[in-house]
Amino acid sequence: MARRKKHEDHEEHENHERWLITYADMITLLMVLFIVLFSMSQVDLAKFAKLKASLGSAFGASASGPMDGSTGVLDAGSSPIPMAAQRALAAQQAQQAAVQAEQASLQQTKSALAAQLDKAGVGGSVGLAVERRGLVVSIASDKVLFEPGQAALTPQGIALIDQLVGPLAGLPNALHVEGHTDDVPISGAFPSNWELSTSRATTVLRELEGHGIGPARLSATGYADQRPVATNATAAGRARNRRVEILVEAMTSTGGGS
């Protein structure tokens, strides 16, 4: 009887501990699921380091333990997950480096343009800004590039474009010319501000092409009054909106606004 009771006690003890096996399996599956989801996302170095430290702490491993790829179940030789994460991280770092390098190049072009325009005495008519979409060269239309309501470049406008050609011609980037107006209805040679803004953009494009910039790099669009940079409720605001912008398009742009 004593032996039978001891045997029953042993079985009861095993039954009490059997749930630990199921619990351990569930935790392991959850860990694998989180790692797979993480490897499928765009990996960030800081996030990966936090994940590694968190998992290491949860499973009793140090931050420099198995998850570093030296030993353990997550070793690169036995599991593709860390290798995929490393490749995604390397690709992200390469893209970030390319973006930073191009932004630095555009900043240099901006400085060269500013110096050249100031030397020619026309710097006050041109705005320069490096944005996510590229380098934006914004030129006031009124009595700088065009006469009011006209799309033929003035002599001053031709001279100003000449100052821009040198620095822009040496770049591999595409150049997009954008025409903009205020919201005041136009009368005369053009039916509306759409035609006026498009014609002005095309005129500047032709001037750039005439100075040797390849047509494959050039494009033009008229936006009329749809992309104002200031209020149209004041004369000063309307004057700012009447402009032509030459966008040196970022080759590594990922989209988004300025």
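Sequence gap at least 6, Cα distance under 8 Å: using those rules, report the relative contact order of the range 170-245 to the nearest whole percent. Write down the numbers at each step before the final one.
Values: 127 pairs, mean separation 33.7, N = 76.
44 percent.
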**Report entry** Fewest-first sequence of Asp225, Asp142, Asp25 by Cβ atoms within 10 Å of each Cβ
**Finding:** Asp25, Asp142, Asp225
Report summary line: Per DSSP, the loop-located GluC sites (Glu not before Pro) within the range 143-209 having at most 16 other beta carbons within 10 Å are none
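Using the 10 angstrom Cβ neighbour count as an exposure proxy, how do Ser54, Ser187 rank, fewest first? Numbers along the way, then the final one.
Details: Ser54 12, Ser187 9.
Least crowded to most crowded, the residues run Ser187, Ser54.
Return Phe190, Phe34, Phe146 ranked ascending by Cβ neighbour count within 10 Å, so the fewest neighbours appear first. Each step should come with its number before you reach the end.
Working: Phe190 18, Phe34 13, Phe146 25.
Placing the least packed residue first, the sequence is Phe34, Phe190, Phe146.
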Query raised in the report: In whole Å, how far is the Cα centre of the range 105-142 from that of the range 167-213?
Result: 16 Å
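Coordinate-derived values only; no laboratory data. Treat the numbers as computed from the prediction; the structure is a model and nothing was measured. We place every Cβ from the backbone using ideal geometry, glycine too, and count neighbours over all the protein chains shown.
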